[in-house]
Every structure is written in C-alpha cells, then in structure tokens.
Amino acid sequence: MAPKEASPEAERLLATNEIQAQAPIGTRRQAQDKDPIKWTNTDVVQWLLTVDQKVFVPAVIVSNISGATILSMKKEELETAMTIANQSKHQEFSLTTLWNHIQSLSGPKEETSLPEKWGEAPEKEETYGRLLSHPTGWTYDREYNEWVDYLEVYADYASTLHLEADIKKKKDLFQVVVLMLSSLAALSTSISIAFKATADGTTSPAPGGLQMDVILQILILLLTFGTTLVSGFVQISGKEWNQQLIIANQYQSAASELIDMYDENLTVSLDDRLPFSEYMPKIKSLSGQLPALHDFSPSQQNAALQSIKATDPSTWKKGFEMKEIQGKNACCPGSVVLAEPVGNAYDHMLMRFSGEDMGFYTTISDVFRKDKQEARDYFQEQTVIPS
C-alpha cells in the first residue's frame, strides 16, 4: 500500500509546524467522552492533540481515519497509514508511542497477571528506564496521559472560577447602575415638582425659570430611558448569565471530584493506587459529568485568563504560563494567547505542573532525575533576561 499524497493544507501544517490545539476550553475532552469506536475523523484529530501526538495529524486528515479504523489497525498498517508521500518516515519510538496510546483506547483489561517490566534498551530513549507493564496495570505512558488530562481539567476549573466571578461582578454592576439611574430620575422628578410649586406661588416667575423646567423634563426623560434600556439589557442578558453560572457550577462540582481522584492516584506509589482497571471507569464516569463550556464567548474566556494572570500568579504559573505565546497579540492589546508547547517543552510543562512528581514511581531513579533536571534547565533558560 503506497503512502498517500499530502493535501496542500497538510503540507502547510508539516512545513510550518503550526499544528496546535486551538479548541476553546472544555472542548478537547469531548472526543474522549464518546466511545472511541464512534469517533469521527475530527474526534481522532482532537484526541491526537490531547495526547501530544500532533505530528500524526496531517496523515490522519489525509487518510480520513475514524475511530473504528484506527482501532482495527495492526502496527504495520498504522506505520503505512501515518506515512505521507514525499515526507520523511516517523521514528520508530514515535510510532510505538502512538501505538501504545491507541491500545489504551480499547479500555483497561484485567492485567493483574502481567509481570513488572521496564524498558532496558538505552538506545530506545522513549522507553528506556520507564515502566512498560505492572500487575496494577499502570505504566509510564498511562500515568503521563493522566497528567495530560489532569492539567486540562485543572486549567478549565480555574477558568470557570474566574468566569463565575466575572459574571457575578457584571450582574452586581448593572444592578447598581439601574439603582443609580432610578434614583437620579426620582430625584430629578422631585426637584421638578418642587420647582413648579415654587413658580406657581410666585406672581412673577424668575428669569430663566421656563428654561430650567424644560431642562429638568429632558433630564427626567433621559434618565427614564436609560433606566429602561439598562433594565431591559439586564433582563435579556440575565438569562444567559444565569445559565452560564449553572454550567460553571456543574463543571466545578464534577472537576473537584476528578481533581481529587487524580491527586489520590498520581502522587502515590503504585501499590497505593487503584488498579488501572478500576481507576479508569471512575475517571471516565466523572469526566462524563463535565459539561462543555461552549456557552462562554471567546471574550469571556480571554477575560478569565487575564484575571488569572493578574490576580492568581500561582495558578497561572502552574497551569498556564508555559502555554502563553508572547508577542502574538498585537491586534488585541492585553489579550492572552495560549497554545500547547511542542515536543519536549510539553513534557517539561507536565513535570512542572505535577510538582516534579510525574514519573517518580514509573521511571527508574536515574531517568527520573534526568527528566526533572531537564525541566528545571528549560525553565531556567526561559527566565533568563536577554542582554
């Protein structure tokens, strides 16, 4: 079977390395909530982005690969399908990583009889010193994938907290505006009545009295109009805001349980974790309770990111800082542009997010120290101020 020709769009993606996760918050998890065998080509692409396998996106698009197709492939068929004409072949360890991800889609199997096995070939950097199988069902790749999901849920959870606070602030602000306009209208009406009463009791009206009365009447009309306009806006937008608050609260409730589940399993020894075959159904059940966050506009989402960056530096540093693209928001000053880091930078981001725990129990000590030091060196380089 000959490799397929790349479409112009796929060639552009490969040439410019512009494959990035651009979906709004909360959307990339939706593909994973469906049965993988029912995934569309778009779902497969979203899943590849989620597990940091962007390099295979063009081939999946070119071949229009669905979930059922990718699950039915043998490893040799996968290698052929992921190869595009006129493009260099993928390295073997990259294909092996993708293959392991695909195998995990089939769902956890009873693995209590599997022996403990570690990567022993130093030349295979992707697997050397990493846990390949274990009686609990946990492996390095599986733990890595859970840290990926944990980071996404953590970021979306933090965003919904700030989205909720922003909506409540808007509601309070507009209520104050309506109250002020109503009060000013009532005050102006009272002054107008008093002014008329004074004028009626005077045989000769004061100079300019007529003009003052006209001004007061116009002011009352404007204030009444403004009150009606703002009240109508609040009434119309209030329904949307209330719905958004419900969604944010639902997300926070489910995400809190999900985050607890991640913490209780990813930061302890393998023997203290739930067996993977028990862990995954619980994770999928909780993930299925997370509502999509489509109802929040891009401007609301960006305002939430700006709020996190300005008011919650620890959360920003932990879950967002590594994703920020500097110098690409000239068209919208003050906005925040995020994209997932590529290659090793993504691994360094996960190591930082995990509090340098990722892989502590699923890699040998030398490899773990190397991973941790590389992440530290990377962040040290990022914080160096150019001379």
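With respect to the conditions (1) farther than 27 Å from Ala121 by Cβ; (2) modelled with pLDDT of 85 or more, Leu78 lacks only one, and its number is (1). Phe195 satisfies every condition listed in (1) surrounded by fewer than 17 Cβ atoms within 10 Å (Cβ to Cβ); (2) at pLDDT 75 or above except (2). Being under 27 Å from Glu381 (Cβ atoms) and at pLDDT below 90 is a property that does not hold for Phe296.
Across segment 346-373, the number of residues qualifying as within 17 Å of Lys318 (Cα to Cα) and surrounded by fewer than 14 Cβ atoms within 10 Å (Cβ to Cβ) comes to 1. One residue stands out in segment 274-296 among those that are surrounded by fewer than 17 Cβ atoms within 10 Å (Cβ to Cβ) and among the small types (Gly, Ala, Ser): the one that is farthest from Asn145 (Cα to Cα), namely Ala292.
The values are calculated or read from the model by the stated rules, or taken from the named source; none is laboratory data. Keep in mind the model is a prediction, meaning the values are calculated, not measured. All Cβ positions, glycine included, derive from the backbone under ideal geometry; neighbour counts span all protein chains shown.
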